[in-house]
Amino acid sequence: MLRALLRRWASYRYRFVPWIALHLRRKRRTIRYVPEKCKDKIISDEDVLETLLKIFKALFINDFGRQMDFFALLPEVKSKYLELLTIEFKRSKTTGYNHQSQNIFNPEEVLFNTLGFSITRDRSSLISAGTGVFVTKGFVPKGAVVSMYPGTVYQKYEPIFFQSIGNPFIFRCIDGVLIDGNDKGISKAVYRSCSKRDQVGPLQMSDITWLTPVVQNPLAVGQYVNNCSHNKAANVCYQEFDVPEYFPIELKQYLPNITYSHDIPIPLRCVVLVTLREIKQGEELFSNYYTIVN
């Protein structure tokens, strides 16, 4: 119903274009300027995909005992992961497998055990900047995916007028696609509505926990990364990534993005944050909202 109302207002969107343009100029920190699309890539899409699959598989295995809905509908998924777990336990000289005796880690611990670092939201080191994102354990090497920008993905022609009012979390991609990373108000309601729409029976096709204080995907805090300052240089850069069609269905529950409308089948747009240098424990992440990749 909420999305239907917004579609109705979409018919008037051209009337609001000047206001939105003014609003975006005021919120210029959400807009990047990249001279060519090919220059937006710090690392390859293959490297981004490899990282996401690695951490999502680790999260899935950690949540193995809570995946019964998937296993009931897709028994081949259970077989695949049982094989992976058997190999893992053989390597650690453990015989057999009982998921009830499996050690359950929190998502940040899974992130550290898998990629060698963990991140979390905390009070920013910048004055009056509010919340920021910090490396709390380990270190992040240069050229690594360190976070994701969650939110509802809007094509250029889709309605976002009401969601944009007073909203500093709207990220503009190179091609004009917008990602609303606000976890409150109407933005939150829209994301939840779209997520429920795309749910396949009991199976979630997107992550909704980034809307809550406790996230399922520990990378999905990128909307809280603050802009760099004169004293704090940027150490991460935004990079756009389209999720391929062959992305494993059981791992989509960890994707913190969803399309506003699925009338036209298009790849899901995600935005990851990639490190520009090595980042050590205790450091805050800083981006450049005017990112230009040369």
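What the table below lists for this structure:
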read-out	value
Members of segment 202-253 that are of a type in the set (S, T, N, Q), in a strand (DSSP E or B) and open to solvent by less than 10 Å² (accessible area, probe 1.4 Å)	Q239
Residue among V140, V146, V177, V135 that alone is out of contact with any Gly (no Cβ under 9 Å at 6 or more places or on another chain) and open to solvent by less than 10 Å² (accessible area, probe 1.4 Å)	V177
Unique residue being crowded, with 22+ Cβ neighbours inside 10 Å and under 25 Å from I258 (Cβ atoms) when the list is T114, T120, T152	T152
Counted residues, segment 132-173 - those being of a type in the set (K, R) and assigned to a strand (DSSP E or B)	2
Test: residue in segment 157-168 that is at pLDDT 95 or above, open to solvent by 10 Å² or more (accessible area, probe 1.4 Å) and touching a Leu at 6+ places or on another chain (Cβ under 9 Å)	no
Odd one out for A189 among (1) among the aliphatic types (A, V, I, L, M); (2) assigned to a helix (DSSP H, G or I); (3) open to solvent by 50 Å² or more (accessible area, probe 1.4 Å)	(3)
Qualifying residues in segment 260-290 (those that are open to solvent by 10 Å² or more (accessible area, probe 1.4 Å) and in contact with an Asp or Glu (Cβ under 8 Å, 6 or more places away or on another chain)) - the one nearest to S206 (Cα to Cα)	L268
Candidate set from segment 99-111 (those that are assigned to a loop (DSSP other than H, G, I, E, B) and either modelled with pLDDT of 95 or more or open to solvent by less than 80 Å² (accessible area, probe 1.4 Å) (or both)); member that is farthest from V236 (Cα to Cα)	Q102
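The values are calculated or read from the model by the stated rules, or taken from the named source; none is laboratory data. Note that the structure is a prediction, hence the values are computed from the model and not measured. A quick note on method: Cβ atoms are made from the backbone with ideal geometry, for glycine too, and the neighbour counts reach across all protein chains shown. Quick note on the areas: whole protein, heavy atoms, side chains included, nothing else; ligands and nucleic acids left out. Shrake-Rupley method; radii C 1.70, N 1.55, O 1.52, S 1.80 Å.
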